[in-house]
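To keep things clear, I will list the structure first and then write my remarks on it.
Every number in this text was worked out from the coordinates using simple rules, so none of it is lab data. As the structure is a computational prediction, the values presented were derived from the model and not from experiment. Glycine also receives a Cβ, built like all others from the backbone with ideal geometry; neighbour counts cover every protein chain displayed.
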Amino acid sequence: MRNKLIIFDLDGTLVDTIEGIGFSMNKVLEKHGFPTHTIEAYRGFVGNGLRNLAKTTLPEEYRDEETIDLCYKEMLDVYSQFYSKGIALYPGIESLLDKLTEEGYTIAINTNKDQRITEYIVAELLSKWKFIKVIGDAGGYPRKPNPVAALAIATQGGFKPDECIYVGDSEVDYKTAINAGMKSVLVLWGFRSREDLIKLNPEGVIATPHEIFKMINP
């Protein structure tokens, strides 16, 4: 069966955003006198939204709801200023999206990133392509791995779950695909290691963007 809808995660899948995320969160931590983290460490922290990022990066003894909420709100403000620091499409993404569009596939984005910042990034780097829906952490949709947003995208496009491929770079994306009844494809150029992804046993693990066509047309 030919899959027709491709739902992409954003960070670590289409766009390399780790430098801006780490830089911004570290500025918030520094402001409060908390230890900061390396950019490499942030690769393991991201994937569950900015509030969870704030919680994860705080020292354990300061992970009370009040401190988490404060740092989360400050992170939103700081990151809205520095989200573009080091940002770029991953190599091969532009030609992949061109080919998918040319061949008539429907594409969409589902991310746990703040909706407002998601839209900034899409406008700056992805406006060339038509995504039927861009869902971030807003608009009444629960965050991944809850499948509600992914299924809403499928419904909007007129697709059944088994006609969809969910492409991401983390265990959160894998769980979202499974929960939605969609085929899961995980990418090796994102924020998780090959070992982390392989042990999830997804239906596909790809090293370059155009390998996705092996999953679309097996």
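Quick one: go through the range 32-75 and flag any residue whose amide nitrogen is under 18 Å from the point 7 Å out along the Cα-to-Cβ line of GLU19.
Correct set: 37-44.
Mean residue ellipticity at 222 nm from the helices of the chain, using -39,500 (n - 2.57) per DSSP H segment of n ≥ 4 over the full residue count, to the nearest 500 deg cm²/dmol?
Computed mean residue ellipticity for the chain: -13000 deg cm²/dmol.
Pulled fully out, how much extra length does the chain show between TRP129 and ALA88, if you take 0.36 nm times their separation in residues and subtract their Cα-Cα distance?
13.2 nm
Quote to one decimal, in nm, the extra length available between TYR62 and HIS37 on full extension: 0.36 nm per residue of separation minus the C-alpha distance between them.
7.4 nm
Karplus couplings for the range 98-105 from phi (6.51 cos²θ - 1.76 cosθ + 1.60, θ = phi - 60°), rounded to Hz, Gly and Pro as x?
4, 5, 4, 5, 4, 8, x, 6
For PHE213 and GLN115, what is the calculated FRET efficiency with R₀ set at 25 Å and r taken between the beta-carbons, to the nearest 0.05?
The computed FRET efficiency comes out at 0.25.
With a ≥ b ≥ c taken as the square roots of the eigenvalues of the C-alpha gyration tensor of the range 1-123, please select rounded if a/c is under 1.5 and otherwise prolate if a/b is larger than b/c or oblate if it is not?
Prolate shape, in that a/c is at least 1.5 and a/b is the bigger ratio.
Extension gain LYS99-GLN156, at 0.36 nm per residue separation less the Cα-Cα distance, in nm?
Extra length available between LYS99 and GLN156 comes to 18.3 nm.
If the elastic network links every pair of Cα atoms under 10 Å, which of THR56, THR111, THR38 fluctuates the most in the Gaussian network model of the chain?
Largest GNM mean-square fluctuation: THR38.
Could you tell me how many cubic angstrom of Cα convex hull volume the range 18-82 has per residue?
Once divided by residue count, the hull of the range 18-82 is 72 Å³.
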